[in-house]
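Working notes, structure below.
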Amino acid sequence: MRRKASLVLLAFAVFFTALSPLMRWYAFPRLAKIPPSQYQTMVLEAKPATLIDYGTMKAKKVPKVSIVETLKGNVAASDRIEKTAGRDVVVWDTLTHVADPEGKMVSQIPERYIFDAHSQEPVHATGEMVDGDQVRRDGIEYKWPFLTEKRDYAYFDAQTRTSAPIHYRGTRTFHGLEVYYFEQTIPWTKVPLPKKMPVKGITPESVEKMGTTRWYTTKRMFWVDPVTGAPVNGEEVHKEELRGGQLLPGGGKVTAFAGDVKMRPDYVESTVALVKSQRTLVLLLTSYLPWGFLVLGAVLLAFSLRLEARSRRPRGDGEAHDAASAPESGPGTREIVSGSP
Amino acid sequence: MRALAAAAVGLAAALALVLVLTAIGTPGGETSPKPLLTTVPAHP
């Protein structure tokens, strides 16, 4: 009986010990994924801000500019792309809607971002775009990979349609979470005008015909939870200018938008709460279960060996006598010895 | 020999469990009917 129990314990010890690395290095990359149906909104605010008045072509101070970002997972598109990509893909259709203090639209930029559901690596497929312009992303956008590393990443800038390094600048504590702080500065760069302009009759084409160009610079900051790779806070010191042409003769320039854009506090709270719940699931697969299984396997192996040793005590010992009298104990003991490493 | 068999059973069970779990995978779900927002929401 004791021998059977030790064999059962041994089987469980091997089961849990094997499960430990399998969980971490086989199951985790296949199970930890961004769901393709995710829907998420975010509101950022610049208080105060500077906006252009298209009537006078002069900059004016406003108390607040709001930026509403929506990410919407397109399941049908991801299913279609997965067939050729051969891996799990997420397709995010996003809209960045900028509104003035009265809620009137300042600009709207739609994007389609296609990426690997686990690694966050960009996937290139038809439909990848920013504001209707076909793009080819080289870096991450919106989110970092699971188990973010303390290093620079390539980050895609939607305004310039290019990727540039976003630098790891150290570890910080944010709302009780240990987060990695990243920073990226985009120098003044000529960028396309948004397809959707706030004034009727003004189109990007009409502005370009007059020779006026749009320039942009930003300092982008993210506080990222390294377990889930999700930013829990974001900030941008953002400046846009219109320069030259018939609208601003003599090489003139005017601020189109300027402000220190920060996440609205209620969205920071909800994002932190969401990330805290999700990071537990990731830690379960990467840390809690693998280490727990390893310890459990070791404990079970110790129990198994102890039972086996007790069943092999020499005659004269009461327990060994009992064990020896069991029909399966004699030969099995030798087998355990020969089968043990 | 029995010990080896017991260890093999444990290993096979672990492999089978992980393979089944990863084969089932995570649910795909459906595209949300909610719109891409063009107004500032009052709360998250």
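Below are the figures for this structure:
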read-out: Listed pairs A:K219/A:K253; A:K83/A:K276; A:K196/A:K219; A:K190/A:K262; A:K83/A:K190 exceeding 26 Å between Cα atoms; value: A:K83/A:K276; A:K83/A:K190
read-out: Within the accessible area of the protein assembly as shown (1.4 Å probe), percent carbon and sulfur; value: 60 percent
read-out: On Cα atoms only, tilt of A:265-283 relative to the major axis of chain A in degrees; value: 30 degrees
read-out: Most fluctuating residue given options A:L95, A:L193, A:L274, as computed from a GNM of chain A linking Cα atoms under 10 Å; value: A:L274
read-out: Packing-based order for A:58-67, A:242-251, using average beta carbon neighbours within 10 Å, highest first; value: A:58-67, A:242-251
read-out: Most mobile listed residue (A:G252, A:G86, A:G211) in chain A, GNM with C-alpha springs under 10 Å; value: A:G86
read-out: Other protein chain Cβ atoms within 10 Å, averaged over every residue that makes up A:86-96; value: 1
read-out: Point-charge dipole on Cβ atoms (K/R +1, D/E -1) for the protein assembly as shown, about Cα centre, debye to 20; value: 400 debye
read-out: Rounded if a/c under 1.5, otherwise prolate or oblate - segment A:232-283, Cα gyration tensor axes; value: prolate
read-out: Tensor-based shape of segment A:49-103 (alpha-carbon gyration tensor, a/c under 1.5 rounded, otherwise prolate or oblate); value: prolate
read-out: Net charge dipole size for segment A:1-118 [Lys, Arg +1 and Asp, Glu -1 on Cβ; Debye, nearest 20]; value: 720 debye
read-out: Buried area at the A-B interface (accessible, heavy atoms, 1.4 Å probe, summed, Å²); value: 3100 Å²
read-out: Helix-derived mean residue ellipticity, 222 nm - over chain A, DSSP H n ≥ 4, -39500 (n - 2.57), to 500; value: -9500 deg cm²/dmol
read-out: Point-to-point label distance, A:M210-A:E178, nm (Cα→Cβ direction, 7 Å offset); value: 5.5 nm
read-out: Accessible area in square angstrom per residue, segment A:32-263, 1.4 angstrom probe; value: 43 Å²
read-out: Degrees, to the nearest 10: B:2-24 long Cα axis against longest axis of chain B; value: 20 degrees
read-out: Reach of A:K58 by Cα under 12 Å, taken over aspartates and glutamates that are not fewer than 8 positions away in the same chain; value: A:E241
read-out: Whichever aspartates and glutamates have a C-alpha closer than 18 Å to that of A:K104, once near sequence neighbours (fewer than 8 apart) are set aside; value: A:E45, A:D53, A:E69
read-out: Given charges at Cβ of Lys, Arg, Asp, Glu: segment A:32-263 dipole, positive-most of A:A32, A:G201, A:G55; value: A:G55
read-out: Local electrostatic count at A:F146 - Lys and Arg +1, Asp and Glu -1, tallied over other residues with Cβ under 14 Å; value: 0
read-out: Of A:R161, A:R306, A:R24, the one that fluctuates the most in a GNM where chain A has Cα springs shorter than 10 Å; value: A:R306
read-out: Sequence-separation-based contact order of chain A, relative, with Cα cut under 8 Å and 6+ spacing, percent; value: 19 percent
read-out: Three-way shape label, segment A:32-263, alpha-carbon gyration tensor, a/c 1.5; value: prolate
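The values are calculated or read from the model by the stated rules, or taken from the named source; none is laboratory data. Predicted model, so just to flag it, every value in this text is computed and none were measured. Counting neighbours? That spans all protein chains shown, and the Cβs are built from the backbone with ideal geometry, glycine included. Note: areas computed on protein heavy atoms with side chains; ligands, DNA, RNA excluded. Shrake-Rupley method; radii C 1.70, N 1.55, O 1.52, S 1.80 Å.
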